[in-house]
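Just so you know, all these numbers are worked out from the coordinates, no wet-lab data involved. It should be emphasised that the depicted structure is a prediction, and the values quoted were computed from it without experimental measurement. When we count neighbours, we look across all protein chains shown, and the Cβ atoms used for this are built from the backbone with ideal geometry, even at glycine.
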């Protein structure tokens, strides 16, 4: 019937319809469709009465494909569309419109349901891992509402879960999405992005926050990057290693074998001398220093870079010190 209508319309045009009143059909370069088929009118401007005739299958929801211009010309030729102007279009880009439901939203929905039904603690502490990689779910643009949990099963011993989600797929249609995976109550811990040598000061770029099963996270582990940044490694630390408070120390302001100033503090008297640090130390640490004049090792407190305070000395030691004028 469509074919007969097309022939009749062409005949009327030949009998005297003004040429100026006719719009020449023109091929489009890019189109977006909202259904599962591509119609002539989607691809061709001024397609007339055959605009709604389907000729190709549309890409999947949210996907984009291309159709060669020659294929369009061949497909519409059977409907006697005369004078199709392809211009410089070599292929038509066709996108199927959709509404995306982000994978993160689905993950959050499952985590909320697990936290509420199985007492796993705050939802932000529930880590969900799916058996297969979860990507955004594409549904019809007309789909209304959000996914909801239809059923949920969880084994606390193994951490395995199975969930069925009721998904809006169209204006009035719904579907069921079945997912499975593992879930666990977790806690944040500070770990290292790479190896750190002893004495190296921790920077923001050196640490990352990871979530570990809550049962494995002891109270000695650091939970925030602020607890680590600015401190120094007490020993060589490995990448991925959760950090404990005992792993870090204040940065050393005096290095082993460094020449330092010894400050002898006595009631009513303050004397200084040169010495060599027997060991490194941070501000507030007690270290040994070899007094260069007396050749004796004394213990003092690091009070600043290159300065060690000795607050209690014997009269014999004081007698060995040079008198300051």
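Averaging 1/r over every pair of different alpha carbons in segment 187-251 and inverting the result gives a Kirkwood radius of 11.4 Å. Working from Cα pairs under 8 Å separated by at least six residues, relative contact order for the chain is 9 percent. Under the simplified labelling scheme, the residue 34-residue 270 pair shows an inter-label distance of 8.3 nm, with each label point 7 Å from Cα along Cα→Cβ.
Size descriptors for the chain (Cα atoms only): Rg and Dmax, in that order, 38.7, 130 Å.
Net length available on complete extension from residue 74 to residue 162 is 26.7 nm, with 0.36 nm assigned per residue and the Cα-Cα distance removed. Counting only DSSP H runs of at least 4 residues, each contributing -39500 (n - 2.57), and dividing by the residue count of the chain, the helix-based mean residue ellipticity at 222 nm comes to -4000 deg cm²/dmol. Each principal axis of the Cα cloud of segment 253-319 was taken in turn, and the coordinate range along them, longest first, works out to 29, 22, 14 Å. Each part reduced to its alpha carbon centroid, segment 236-257 and segment 150-219 end up 29 Å apart.
Kindly identify segment 23-175 as rounded, prolate or oblate by the Cα gyration tensor criterion: order the square roots of the eigenvalues as a ≥ b ≥ c, call it rounded if a/c is under 1.5, otherwise compare a/b with b/c, prolate if a/b is larger, else oblate. Prolate shape, in that a/c is at least 1.5 and a/b is the bigger ratio.
Report Rg/Rh for segment 141-281, rounded to two decimals, where Rg is the Cα radius of gyration and Rh the Kirkwood radius. My calculation of the ratio gives 1.35. Each listed q (0.15, 0.23 Å⁻¹) maps to a log10 I(q)/I(0) for segment 114-194, found by the Debye formula over equal Cα scatterers with no solvent: -0.67, -1.11.
Who wins for biggest fluctuation among 149, 126, 260 in a Gaussian network model of the chain, springs between alpha carbons below 10 Å? Top of the fluctuation ranking is 260.
Taking Cα atoms only, the orientation of helix 2-14 departs from the longest principal axis of the chain by about 70 degrees.
Under 1.5 on a/c is rounded, so check that first for segment 81-148, then, if it is not, pick prolate when a/b is larger than b/c and oblate when it is not; a ≥ b ≥ c are the square roots of the alpha carbon gyration tensor eigenvalues. Since a/c reaches 1.5 and a/b is larger than b/c, the shape of segment 81-148 is classed as prolate. Using the alpha-carbon atoms, what tilt in degrees (0 to 90, nearest 10) does helix 103-118 show relative to the longest principal axis of the chain? The answer is roughly 60 degrees.
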